[in-house]
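*Asks:* My structure is below; once you've seen it, I'll send some questions.
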Amino acid sequence: QVQLEESGGGLVQAGGSLRLSCLASGLPFSSYAMGWFRQAPGQEREFVAAISWSGHSTYNLDSLKGRFTMPRDNAKNTVYLQMNSLKPEDTAVYYCAAQKHVVVVSTTPDYWGQGTQVTVSS
């Protein structure tokens, strides 16, 4: 059974930082491209960042470049989303996703996590 378990969400003040983690189990982690998406209330889920299976290629939503990074640790079956200089508009549920046979995770990945809430207060 494949599981993607997100953690690390919470309440933070604007300008602060959070690091989300996504622990994968039940799949050959190093064969999967991984991604982070987010969904704010009343809005569609949007792409945030992705990383290839090898970790050699990373992608970010243009508006988040310089603030969000997405490293992965294949030895720990974990990807992270390091979020710095957080803004109230970053408030959303953040989802981890996994997809095989691609370089960049699409909006229809093979697996989704259940999400973790991030709330940024002004």
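*Asks:* Among the lysines, which have Cα under 21 Å from the Cα of K65 when same-chain residues fewer than 8 positions away are ignored?
*Replies:* K87
*Asks:* For Q3 and Q43, what is the calculated FRET efficiency with R₀ set at 41 Å and r taken between the beta-carbons, to the nearest 0.05?
*Replies:* Computed FRET efficiency for Q3 and Q43: 0.95.
*Asks:* Can you pull the percent of the range 1-69's accessible area that's carbon plus sulfur, 1.4 Å probe, other chains left in place?
*Replies:* 45
*Asks:* Further, regarding this structure: Under the definition of Cα pairs under 8 Å and six or more residues apart, what whole-number percent is the relative contact order of the chain?
*Replies:* Normalised by residue count, the contact order of the chain is 35 percent.
*Asks:* Let me ask another. DSSP loop (so not H, G, I, E, B), at most 16 other Cβ within 10 Å: list which trypsin sites (Lys or Arg not before Pro) in the range 66-122 pass both filters.
*Replies:* When the trypsin sites (Lys or Arg not before Pro) of the range 66-122 are filtered for loop state and at most 16 Cβ neighbours within 10 Å, R67 remain.
*Asks:* If you take the beta carbon distance between S54 and K87 as r and set R0 to 25 Å, what does 1/(1 + (r/R0)^6) give as a FRET efficiency, to the nearest 0.05?
*Replies:* 0.20
*Asks:* Starting from the Cα of S17, move 7 Å in the Cα-to-Cβ direction to define the label point; list residues of the range 37-66 whose amide nitrogen is under 17 Å from there.
*Replies:* 65-66
*Asks:* Counting only other residues whose beta carbon sits under 14 Å from that of A14, what net charge do I get with K and R as +1, D and E as -1?
*Replies:* 0
*Asks:* What does the charge add up to near W53, with Lys and Arg as +1, Asp and Glu as -1, over the other residues with Cβ less than 10 Å from its Cβ?
*Replies:* Summing Lys and Arg as +1 and Asp and Glu as -1 gives +2.
The values are calculated or read from the model by the stated rules, or taken from the named source; none is laboratory data. Source: prediction; values computed, not measured. FYI the Cβ positions are ideal-geometry reconstructions off the backbone, even for glycines, and counts take in every protein chain you see. Only protein heavy atoms, including side chains, enter the accessible area calculation; ligands, DNA and RNA are left aside. Shrake-Rupley method; radii C 1.70, N 1.55, O 1.52, S 1.80 Å.
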